[in-house]
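Down below is the structure, laid out as C-alpha cells.
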Amino acid sequence: MATISAIVSYPDGAAQVLTMSAAGAQALTIKGRKTLIDGVTTEATGNRTINLTIDSEVIIGSEIVVRSKSNGTETLTFGTGITSAVSTGVAGKTINQAFVYDGTAFVAAGAEQQID
C-alpha cells in the first residue's frame, strides 16, 4: 500500500522544478500552478537573467519561488514575464523570493529573503 505522501501532491500534480545555469540568460517555460526555480544547485558564477515563457494554461494566482545562491556579488535580473528589482548576491548565501501570476506576468509577492 502506498503512503499518503506518495499519493498526495500539489493540487494538479507535483510542483514544476526548473534549474538555472551558472550564468547568462535563463530561458524558462512555466507550465504549472507551482514552480520552483532552482539557482542553488548550480551556484551563480556570473550574472543571470530570468526570462519566462508562460504557458497558456497558467492561471492567475499561480506561484513561483526563485532560489538563488551566488559565488560573490553576481546579480539576478528579472526579465521577460517576471517583475522585481535586480537582486545582488552575497558570497555563499541563498536568497529566496516568491512571485504570483497576475494574468500578464509573475510579480514579486514580497521582498527577497536571505535564508542563510
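Descriptive notes on the structure:
- Within the option set ALA15, ALA6, being modelled with pLDDT under 95, farther than 15 Å from GLN97 by Cβ and under 12 Å from the mean Cα position of the chain (by Cα) holds for one residue only, ALA15.
- The condition of being at pLDDT 95 or above and under 16 Å from VAL17 (Cα atoms) holds for THR53.
- Lone unmet requirement of (1) modelled with pLDDT of 95 or more; (2) polar (S, T, N, Q); (3) under 13 Å from the mean Cα position of the chain (by Cα) for ASN47: (3)
- Residue in region 67-88 that is of a type in the set (Asp, Glu), closer than 19 Å to THR29 by Cβ, modelled with pLDDT of 95 or more and buried (at least 16 other Cβ atoms within 10 Å of the Cβ) present: no
- Test: residue in region 92-102 that is within 15 Å of the chain's Cα centre (by Cα) and among the acidic types (Asp, Glu): no
- Pairs are defined by a Cβ separation below 8 Å, a sequence spacing of at least 6 or placement on different chains, a first member in region 27-43 that is within 13 Å of PHE106 (Cα to Cα) and among the acidic types (Asp, Glu), and a second member that is surrounded by fewer than 16 Cβ atoms within 10 Å (Cβ to Cβ) and at pLDDT below 95; no pair meets this definition.
The values are calculated or read from the model by the stated rules, or taken from the named source; none is laboratory data. Quantities reported herein were computed from a predicted structural model and do not represent experimental measurements. Positions of Cβ are backbone-derived with ideal geometry, glycine not excepted, and every protein chain shown enters the neighbour counts.
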